[in-house]
Amino acid sequence: MEKKLYILSDLPYDYNTLEPYIDEETMKLHHDKHHAAYVNNLNVAIEKFPDLFSTLRLGSGQESVEELIINLNDVPEEIRTAVRNNAGGHINHSLFWQSMAPNSGGEPSGNLAEEINKTFGSFSEFTSKFNDAGVKRFGSGWVWLVLTKDGKLDIVSTPNQDNPIMDGHKPILGNDVWEHAYYLKYKNMRADYLKAWWNVVNWQEVEKRFK
């Protein structure tokens with residue numbers, strides 16, 4: 001069997017270790033079914049163009065999934081939508097799993113904490129604005145804390161599986177507000193899920209991205 005270019009990595013923790021905030025069944029479905037489907041569909045799409053990376057204007061012919069999204073206009077039109085949705089889904093979820101950890105939560109420290117206070121007024125104001133952006137995302141999508149092209153912190157929301165790197169930003173924290181991320185436990189109460197999610201945020205990982 002031909003080796004797949006992109007693979008689904010294991011979660012960095014057990015399925016049940018984010019409880020009671022995110023339940024075990026949701027984690028299994030979200031990772032093993034939804035994320036796995038994005039990876040599989042991305043591999044199927046790019047198999048149609050075996051010389052894709054040598055024809056894209058990527059300099060060294062990098063095969064990173066981020067490069068696919070950044071250079072989306074150079075991807076053949078036949079698979080462009082599939083790459084946008086599934087490469088985006090793969091990037092977003094990979095960052096999402098790393099952004100959470102058991103026995104986490106609390107507040108960031110160091111330079112990130114200082115920058116959050118400077119930009120948003122306080123950590124409480126930041127989480128309130130972040131949650132509000134997540135609640136107001138119509139339909140499916142994501143809410144992000146990003147470093148903008150100018151090197152400043154900002155909160156942005158993207159539809160479907162779009163990623164802020166498509167607009168030149170660097171995502172350092174993202175929360176999935178697709179219904180499959182929360183519906184089994186929180187039903188239609190997205191706001192409750194967003195509030196609970198701060199209890200599992202892995203600030204050490206976020207701070208690493210910020211640096």
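Here are the numbers for the structure shown:
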| read-out | value |
| --- | --- |
| Identity of the residue in the range 160-190, of a type in the set (A, V, I, L, M) and assigned to a loop (DSSP other than H, G, I, E, B), that ends up nearest to the chain's Cα centre (by Cα) | 177 |
| Residue satisfying condition, being among the acidic types (Asp, Glu) and touching a Gly at 6+ places or on another chain (Cβ under 7 Å), within set 162, 154 | 162 |
| Condition broken by residue 105, with the remaining ones in (1) at negative phi; (2) in contact with a strand residue (DSSP E or B) (Cβ under 7 Å, 6 or more places away or on another chain) satisfied | (1) |
| Some residue of the range 125-133 being buried (at least 16 other Cβ atoms within 10 Å of the Cβ) and either within 14 Å of the chain's Cα centre (by Cα) or among the small types (Gly, Ala, Ser) (or both) | yes |
| Leading residue by the ranking (surrounded by the fewest Cβ atoms within 10 Å (Cβ to Cβ)) among those in the range 79-94 that are of a type in the set (S, T, N, Q) and within 14 Å of residue 43 (Cβ to Cβ) | 85 |
| Residue check for residue 177: free of Cβ contacts under 8 Å to residues at least 60 places away in the same chain, surrounded by 20 or more Cβ atoms within 10 Å (Cβ to Cβ) and under 17 Å from residue 30 (Cβ atoms) | yes |
| Residue count for the range 136-152, restricted to those that are surrounded by 15 or more Cβ atoms within 10 Å (Cβ to Cβ) and farther than 19 Å from residue 169 by Cα | 0 |
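Each row is one residue, and each column tells you yes or no for (1) of a type in the set (Asp, Glu); (2) touching a strand residue (DSSP E or B) at 6+ places or on another chain (Cβ under 8 Å); (3) within 23 Å of residue 18 (Cβ to Cβ).
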residue	(1), (2), (3)
127	no, no, yes
141	no, yes, yes
151	no, no, no
165	no, yes, no
168	no, no, no
175	no, yes, yes
186	no, no, yes
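Yes/no per residue for (1) farther than 17 Å from residue 26 by Cα; (2) surrounded by fewer than 20 Cβ atoms within 10 Å (Cβ to Cβ); (3) acidic (Asp, Glu):
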position: 164; (1), (2), (3): yes, no, no
position: 170; (1), (2), (3): yes, yes, no
position: 187; (1), (2), (3): no, yes, no
position: 192; (1), (2), (3): no, yes, yes
position: 203; (1), (2), (3): yes, no, no
position: 208; (1), (2), (3): yes, yes, no
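Results for (1) assigned to a loop (DSSP other than H, G, I, E, B); (2) modelled with pLDDT of 95 or more; (3) assigned by TED's automatic domain parsing to the domain that holds residue 89, shown as yes or no for each residue.
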| position | (1), (2), (3) |
| --- | --- |
| 34 | no, yes, yes |
| 40 | no, yes, yes |
| 54 | no, no, yes |
| 60 | yes, no, yes |
| 63 | yes, no, yes |
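The values are calculated or read from the model by the stated rules, or taken from the named source; none is laboratory data. Small disclaimer: the values here were computed from a predicted structure and weren't measured. Virtual Cβ from ideal backbone geometry, glycine too; neighbours counted across all protein chains shown.
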